[in-house]
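For reference, the structure discussed in these notes is given below.
The values are calculated or read from the model by the stated rules, or taken from the named source; none is laboratory data. Computed from a predicted model, the values in this text were never measured in an experiment. Every residue, glycine as well, gets a Cβ built from its backbone with ideal geometry; the counts of neighbours run over all protein chains shown.
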Amino acid sequence: MLFKHLITRSAIIFVLAGCSEQPKNEESTSPPTGGNNTLGIDGKIQDKGDNNTQDSGTQTPPPSLTNSSSGDNNGAILPSSLPAFSRKTLTISGSVLGSLATETYAFRVCANQVCDSWQEVMADGRYQYKLQLSQWPLNIPITIEGNKKNNASSQPTNSINELSTSYFKTEVAPIEQLIKRDSNDDGMLDEKEVATLSLNAVNMAFNIVAKHLLSDKLSNYSQLPYDSKIEAVRQYLSNKSKMAQLKLTDSQKQEIVTHIDIQNDKVFGEYSLNLTPEQWADINGPLNTPDEKKAIKINTSQLNELYTNHYYSKTQGPLILSVNQSNAIHNELTYSQQLVLELAVFYQMLLKPKITDLVISRYDRAALIEKIESKTVTQSYSIAIDSDSLRKMGMFDIPVGNEAKIEISADEMSRAYDKYKKAVEENGFAEFTIAIKQAQWPISDKTFEQVGNLILKAADSNPSLELWQHYQNEFVPARNSITVYQELSKVLSPDTQKAYLFQNHVQNLRNTGHTHPLKPAILSLAPERYLKISGRFPKELKQATMSIILGSRPNPDPGLVKYQPELLDRHPERHLPVELIDNENQRRKELDLSGESSFVATIALRDIDNLYSYCKPGLVKNDHTSDEMQDTLTIHLRDKITGVELRSVLGSFCEIAKLDQQQGNKDGILSHEEFERLNVGYVSTAKAALLLKSSLTSRGGSYYIAPLKHQEITDRYNQMPRKQVELLSAFMALQANGTLFTSTVDLGERGTLYEDLLALLDITFGGYSLSRSNTYPSAEELQNKISNIYAINKVLIENPDVNISHIIQTITNRLQDSETDQYYFPSGIRPGSWVTVYPVTAIDVTCQKSMQENQLVGLRLEGKGQNESGHWVTIGWDEQLGASSYTLGWDEIHFDQIIEARNVLAIDKQGHTRATILGLEFNKNYYIRVQSNTGSPSALMSYSPSHIHVADSRTTEGLAGDDSSRGRDSSSACDPLTGKAENTNDDGLLGARYLKLDAAGKPLARQDLSYNALPFACVLDAHTGLVWETKHQRSGEEDYTIYDSDNMFVMQPANGATQFGGTCTIHETNQISTDPNQCTVAKQIQTFNSIQRCGLSNWRLPNFHESHTLLDFSYASSNMSNAPSGIDHHYFPHIKSMWLDAPNLDKSGYLALSLQRLITMHVDTSNHKPLTLVSDGFYVKP
């Protein structure tokens, strides 16, 4: 391969003529050496006196990517010696436009005279080549060229045919600069890292334009290092492109819409639009132009674009002038990004002509077939076509008063008809299509590069013509004038067809979607802007890595993309790391900061839409800014040891890049002293999470998330509640510290620790809705969620004298040790100062001042029912320390002391905290107290057998004075029976009152721990006396049990059925069954009663009312799979639906309750549903 062509490196001298120094008195876009990265240089490019406009903002020059050769080499540049690279090879790869999987291409790669050739089958539409670094000059640009191999040709095996219509050529930086572009350090480069590696028309057009500029207008830059001079070209094209951005007013847009409306919605011809003086200045129009001549002629393609999208406002919405329009204003050829695109389009038009299949509508098909079969037409068929068909052909409308028709020869129509009949015979149905082929442009005997140079030279001399007109004048004899579509020649002239096709292709290329193979090359036309930042992070992160992520809104959900693939085209893929340039000028996607607690890096981003100075990040008419200058940058830091993930939302590049000049010390580095968001700590991470929460819709959707302006982020941060910020910050700080009291702590329960942090805010990725709302949770809700974390539960178990208030105080106090976060805690503000620590006792802070010392608490209903002696009720209470016996008293009137009660019952068995009262009358009200032998009596409980408990709704927000402002859910008063606030969440959500029981029916000693930390078997509802079974979510390695949440049951199996769509566990074997006869509701109830789950043998189905006492109606109904169910998960984990004892009249179906959607539905008895059983509670025999 290469090696037989290699010339000994030490003997090769590449002579470059005409060396010149960089122009004096001019600010350059070339990389400065030594890392001098001074802000304020705005990339001005001298172009031999051409008028030019610049951004008023700043453009940071890039760090140096290569050093100029030193020493006197008599004008020659020698191949550099091999630097101390960590690799010996570099693989380059790129897509080849238009290649097919079965085709073989010939390729050649060269660095001046050192070349290698090879062949490659285009199985995946790409070439790949491995450069052996020791055998190539490192400081010479690389050229790559290739074309499809014609097996019938006599050309040598690996030879390149520059006249082939499949030929492409590109040029990339020297190897020593390419290696600096390997941002993921994998030894491979493709168009994602170096866009010019692809072989396509855009890269070829850019290289031709670049060489044209560097030989003329930018000749002063031609001797700079490759990356520097190419960046100078990009900057020049960008500066000229800004003068081709016309921001239309609303009235002008409406004027155009009205114009087309008058034409019966037909789009054709041109439209002369008068411009305002401000618009004329924006496009740098000549100052001496009279006002009446300050106008442009909008071409047909632009009219179509404006009319089609007039209901849809892009935030980046300027009209991009064509090269011809810019030329008409300035009376010279305008070298802009648009010129590159138009030249690329012309190259594409020279390639294989497009074939369009026009579909004859079913309304016209019958008449056409009848005419064909009658054989009355001998010359041609004249067929009317609509605007959509014209657009498919790349055309626009026929003027008003004329009908759009195509002329199809009789022979061509006969072939189309035969194809149609054959398809109908094979498939039973087919569309009647006619293939319309564009005419092939005459191919000259010049190479693409030569053609491009001749067209640019002609355009320089006569800028009034389109590029295709210059080609026609140069290479197409007048007698061979091209008609794109002969079929349209009667309604559209040849030149009109060519103009339409050219304009259409240009517009399509400019609007290319983000998944199109040409998109990287189009985006690479933009110049880069640079921002050097320095920041710090907590010293606890010993092996940190840092990346900066671009993007505000989540990428489209894969489930939606499956049905709407166009979503991927609409916006660029986001949440990918941007390129950072380190102190060694190496580009990296991730910086290794091991052993550090600070960072310095340069952000490199492309000014794709030339909007750096425009800079208006946000959302306009449902479209959010998505260009790299205006989208949101966020720092991500991850510690490999602790798993801590920190975030800091920086904002939009185009705003923060100016802060050093606006409010800093103007030293070219934006530091954490100047910009507090460069303090990447626990507080910045908490704020980033809260910012995401507040950016969701009221239903938790992410659709309207958009980049925020710098001041908007600052304002939102200033308004964030301090308690929530400190709690979330403390969560991250705890993970970084790794210990709490004497326990080791690892808070990670999900894929990443940041996901765990978001879960505290009720945010979960993976669906259309990320959360159920966009409101911040209260500090109390956050504390409860933190207390339910498995690692925190372990700490509580290992430290019986500690409760959650001690933990919150400890972890928030630690924040004062974080230097990174000191900006948030200025003098006089102590983190955690708001935390109230309460002792480990059954009585909470609300009740400690109002209740008697050593008062018995926890009085509750633990069962109720009716027997031969009348109604009965079981009363339970919390065990009191040191007590050996209890006395239960009840009466029909109030009493203060137990001895005053008419009825008393002694419970002398130590540890027994449950007793049953018999013989109660249904309509009477009873008062009950309990007292131990060591303490004061409980508060007075009121009970009546006729009482029906109505649960509160759990909704505490609504109109002033409505039900949400009353009831237990909204009352924070002390409940002396429980020793807690009535609406505390400690014993159930708001006004609910629950008790966790073990398998024997005894209360757990620690009620504050989650199910994962301390599993429980049942839950007692202290308001109703009902006991509910607890579902268990089986992990993959556990045995199947009858308590598993995924068990399914039928009310009545279908006749003869031996299989059903669910499974259940057989208790005797712990094996699963798919037999509905084994998986019935009745069998499950029988099993529960026989094994006396939780010490009970009265298990049954819940009724409608009983099931609704569990519901949390503050949860909005949702059909989304990731929506939370409306139930208290701390006490009822893993329940989503249940059968109810509510049959319809003929008992063919029963009601089932969906806790996810908060609705009941009738379900056929043979259908399967989960099952949650309930018991009437405990009965203690006298």
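Looking at (1) outside any helix (DSSP H, G or I); (2) modelled with pLDDT of 95 or more, which is the one condition that is false for residue 514?
Tallying (1) outside any helix (DSSP H, G or I); (2) modelled with pLDDT of 95 or more, residue 514 fails exactly one: (2).
Scan the stretch 968-978 and give yes if some residue there is part of a helix (DSSP H, G or I) and not polar (S, T, N, Q), otherwise no. Outline the logic, then answer.
Initial filter on the stretch 968-978 (part of a helix (DSSP H, G or I)): 968-970.
Remaining after also requiring not polar (S, T, N, Q): 968-969.
For the stretch 968-978, residues part of a helix (DSSP H, G or I) and not polar (S, T, N, Q): present.
Looking only at the stretch 837-873, which residues are within 22 Å of residue 993 (Cα to Cα), more than 46 Å from the chain's Cα centre (by Cα) and of a type in the set (Gly, Ala, Ser)?
850, 858, 863, 865
Give me the residue from the stretch 216-229 that is in a helix (DSSP H, G or I) and not hydroxyl-bearing (Ser, Thr, Tyr) and, out of that set, surrounded by the fewest Cβ atoms within 10 Å (Cβ to Cβ).
Initial filter on the stretch 216-229 (in a helix (DSSP H, G or I)): 219-221, 226-229.
Okay, now just the ones that are also not hydroxyl-bearing (Ser, Thr, Tyr), so 220, 227, 229.
Details: 220: 21, 227: 23, 229: 19.
Among those residues, the one meeting the criterion is 229.
Looking at 489, 493, 524, which one is polar (S, T, N, Q) and under 42 Å from the mean Cα position of the chain (by Cα)?
On the way: 489 fails: under 42 Å from the mean Cα position of the chain (by Cα); 493 fails: under 42 Å from the mean Cα position of the chain (by Cα).
Going through 489, 493, 524 in turn, the sole match is 524.
Identify the residue in the stretch 1011-1040 that is hydroxyl-bearing (Ser, Thr, Tyr), buried (at least 20 other Cβ atoms within 10 Å of the Cβ) and under 40 Å from the mean Cα position of the chain (by Cα) and, among all such residues, is nearest to residue 840 (Cα to Cα). Full working, then the answer.
Of all residues in the stretch 1011-1040, those hydroxyl-bearing (Ser, Thr, Tyr) come to 1011, 1024, 1030, 1035, 1040.
Applying the additional criterion that residues be buried (at least 20 other Cβ atoms within 10 Å of the Cβ) yields 1011, 1024, 1030.
Next, only the ones that are under 40 Å from the mean Cα position of the chain (by Cα) stay: 1011, 1030.
Working: 1011: 20, 1030: 27 Å.
Among those residues, the one meeting the criterion is 1011.
Tally up the residues in the stretch 885-928 that are in contact with a Gly (Cβ under 9 Å, 6 or more places away or on another chain), polar (S, T, N, Q) and not in a strand (DSSP E or B), please.
2
May I ask you to say which residue of 197, 237 is surrounded by 24 or more Cβ atoms within 10 Å (Cβ to Cβ), farther than 19 Å from residue 453 by Cα and among the aliphatic types (A, V, I, L, M)? Before you say what the answer is, go through the steps one by one.
Working: 237 fails: farther than 19 Å from residue 453 by Cα.
Unique residue meeting the criteria: 197.
Quick one: in the stretch 102-124, of everything that is among the polar types (S, T, N, Q), out of contact with any Ser or Thr (no Cβ under 8 Å at 6 or more places or on another chain) and touching a residue at least 60 places away in the same chain (Cβ under 8 Å), which residue is surrounded by the fewest Cβ atoms within 10 Å (Cβ to Cβ)?
The qualifying residue surrounded by the fewest Cβ atoms within 10 Å (Cβ to Cβ) is 113.
Taking the residues in the stretch 1123-1162 that are modelled with pLDDT of 90 or more and in contact with a Lys or Arg (Cβ under 6 Å, 6 or more places away or on another chain) as candidates, determine which candidate is surrounded by the most Cβ atoms within 10 Å (Cβ to Cβ).
1139
In the stretch 481-503, what residues are surrounded by 17 or more Cβ atoms within 10 Å (Cβ to Cβ), not β-branched (Val, Ile, Thr) and not in a helix (DSSP H, G or I)?
The answer is 485, 492.
This table checks each residue for (1) part of a helix (DSSP H, G or I); (2) without any contact (Cβ under 8 Å) to a residue 40 or more places away in the chain.
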{"position": "716", "(1), (2)": "yes, yes"}
{"position": "727", "(1), (2)": "yes, no"}
{"position": "730", "(1), (2)": "yes, no"}
{"position": "733", "(1), (2)": "yes, no"}
{"position": "746", "(1), (2)": "no, no"}
{"position": "749", "(1), (2)": "no, no"}
{"position": "759", "(1), (2)": "yes, yes"}
{"position": "764", "(1), (2)": "no, no"}
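So, in the stretch 790-836, exactly how many residues are part of a helix (DSSP H, G or I), over 36 Å from the mean Cα position of the chain (by Cα) and surrounded by fewer than 17 Cβ atoms within 10 Å (Cβ to Cβ)?
2
Residues are listed down the side, and each one gets a yes or a no for (1) over 21 Å from residue 526 (Cα atoms); (2) of a type in the set (S, T, N, Q):
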site	(1), (2)
329	yes, no
332	yes, no
339	no, no
351	yes, no
358	yes, no
379	yes, yes
383	yes, no
393	yes, no
398	yes, no
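Quick one: in the stretch 557-578, of everything that is within 27 Å of residue 653 (Cβ to Cβ) and outside any loop (DSSP other than H, G, I, E, B), which residue is modelled with the lowest pLDDT?
Per the criteria, the residue is 567.
Report yes if some residue within the stretch 670-682 is of a type in the set (Phe, Trp, Tyr) and in a loop (DSSP other than H, G, I, E, B); otherwise report no.
Taking the stretch 670-682 as the starting set, the residues that turn out to be of a type in the set (Phe, Trp, Tyr) are 675, 682.
Filter again for in a loop (DSSP other than H, G, I, E, B), leaving 675.
Yes; the residues of the stretch 670-682 include at least one that is of a type in the set (Phe, Trp, Tyr) and in a loop (DSSP other than H, G, I, E, B).
Among the residues of the stretch 662-686, count how many are touching a His at 6+ places or on another chain (Cβ under 6 Å) and either outside the structural domain of residue 711 (by TED's automatic domain parsing) or of a type in the set (S, T, N, Q) (or both). Quick ask: steps written out before the conclusion?
If we filter the stretch 662-686 for residues that are touching a His at 6+ places or on another chain (Cβ under 6 Å), which is where we start, we get 678-679.
In the following step, the residues that additionally are either outside the structural domain of residue 711 (by TED's automatic domain parsing) or of a type in the set (S, T, N, Q) (or both) were identified as 679.
The qualifying residues number 1.
Quick check on the stretch 606-627. Is at least one of its residues in a strand (DSSP E or B), buried (at least 22 other Cβ atoms within 10 Å of the Cβ), of a type in the set (Val, Ile, Thr) and touching a strand residue (DSSP E or B) at 6+ places or on another chain (Cβ under 9 Å)?
Looking for residues that are in a strand (DSSP E or B), buried (at least 22 other Cβ atoms within 10 Å of the Cβ), of a type in the set (Val, Ile, Thr) and touching a strand residue (DSSP E or B) at 6+ places or on another chain (Cβ under 9 Å), one finds none in the stretch 606-627, hence no.
Considering the stretch 1136-1162 alone, what residues qualify as being free of Cβ contacts under 8 Å to residues at least 24 places away in the same chain, part of a strand (DSSP E or B) and hydrophobic (A, V, I, L, M, F, W, C)?
1152, 1161
Is there a residue being surrounded by fewer than 18 Cβ atoms within 10 Å (Cβ to Cβ) and either in the same structural domain as residue 1156 (by TED's automatic domain parsing) or under 17 Å from the mean Cα position of the chain (by Cα) (or both) anywhere in the stretch 714-735?
Within the stretch 714-735, none of the residues are surrounded by fewer than 18 Cβ atoms within 10 Å (Cβ to Cβ) and either in the same structural domain as residue 1156 (by TED's automatic domain parsing) or under 17 Å from the mean Cα position of the chain (by Cα) (or both).
Restricting to the stretch 1163-1181, give me the number of residues that are part of a strand (DSSP E or B) and not polar (S, T, N, Q).
The initial filter retains those residues of the stretch 1163-1181 that are part of a strand (DSSP E or B), namely 1163-1164, 1168-1169, 1174-1175, 1177.
Add one more test, that the residue is not polar (S, T, N, Q), and what stays is 1163-1164, 1168-1169, 1174, 1177.
Summing the residues that are part of a strand (DSSP E or B) and not polar (S, T, N, Q) in the stretch 1163-1181 gives 6.
Looking only at residues in the stretch 994-1010 that are aliphatic (A, V, I, L, M) and out of contact with any helix residue (DSSP H, G or I) (no Cβ under 7 Å at 6 or more places or on another chain), which one is surrounded by the most Cβ atoms within 10 Å (Cβ to Cβ)?
First, the residues of the stretch 994-1010 that are aliphatic (A, V, I, L, M): 995, 997, 999-1000, 1004-1005, 1009.
Of the ones still in play, those that are also out of contact with any helix residue (DSSP H, G or I) (no Cβ under 7 Å at 6 or more places or on another chain) are 995, 1004-1005.
Values: 995: 22, 1004: 15, 1005: 12.
So, considering only residues that are aliphatic (A, V, I, L, M) and out of contact with any helix residue (DSSP H, G or I) (no Cβ under 7 Å at 6 or more places or on another chain), the one surrounded by the most Cβ atoms within 10 Å (Cβ to Cβ) is 995.
How many residues, within the stretch 452-480, are in contact (Cβ under 8 Å) with a residue 60 or more places away in the chain and surrounded by 13 or more Cβ atoms within 10 Å (Cβ to Cβ)? Give the steps one after another, and end with the answer.
Of the residues in the stretch 452-480, the ones in contact (Cβ under 8 Å) with a residue 60 or more places away in the chain are 452-453, 455-456, 459-460, 463-468, 471.
Add one more test, that the residue is surrounded by 13 or more Cβ atoms within 10 Å (Cβ to Cβ), and what stays is 452-453, 455-456, 459-460, 463, 465-468, 471.
Qualifying residue count, the stretch 452-480: 12.
Can you run down the residue pairs with Cβ atoms below 6 Å, 6 or more apart or on separate chains, where the first is in the stretch 200-211 and at pLDDT 95 or above and the partner is outside any helix (DSSP H, G or I)?
Here the result reads 200/97; 200/518; 202/518; 203/170; 204/168; 204/169; 207/171, each pair linking the stretch 200-211 to a residue that is outside any helix (DSSP H, G or I).
Determine whether residue 407 is among the charged types (D, E, K, R) and part of a strand (DSSP E or B). Spell out how you get there, then give the answer.
Details: among the charged types (D, E, K, R): yes; part of a strand (DSSP E or B): yes.
Criteria met by residue 407.
What about residue 213, is it outside the structural domain of residue 585 (by TED's automatic domain parsing) and outside any helix (DSSP H, G or I)?
Values: outside the structural domain of residue 585 (by TED's automatic domain parsing): yes; outside any helix (DSSP H, G or I): no.
No: the conditions fail for residue 213.
Kindly establish whether residue 233 is in a helix (DSSP H, G or I), aliphatic (A, V, I, L, M), more than 34 Å from the chain's Cα centre (by Cα) and not assigned by TED's automatic domain parsing to the domain that holds residue 386. Working first, answer last.
On the way: in a helix (DSSP H, G or I): yes; aliphatic (A, V, I, L, M): yes; more than 34 Å from the chain's Cα centre (by Cα): no; not assigned by TED's automatic domain parsing to the domain that holds residue 386: yes.
It is false that residue 233 is in a helix (DSSP H, G or I), aliphatic (A, V, I, L, M), more than 34 Å from the chain's Cα centre (by Cα) and not assigned by TED's automatic domain parsing to the domain that holds residue 386.
Within the stretch 263-285, track down each residue that is closer than 24 Å to residue 332 by Cβ and of a type in the set (Asp, Glu).
270, 278, 282
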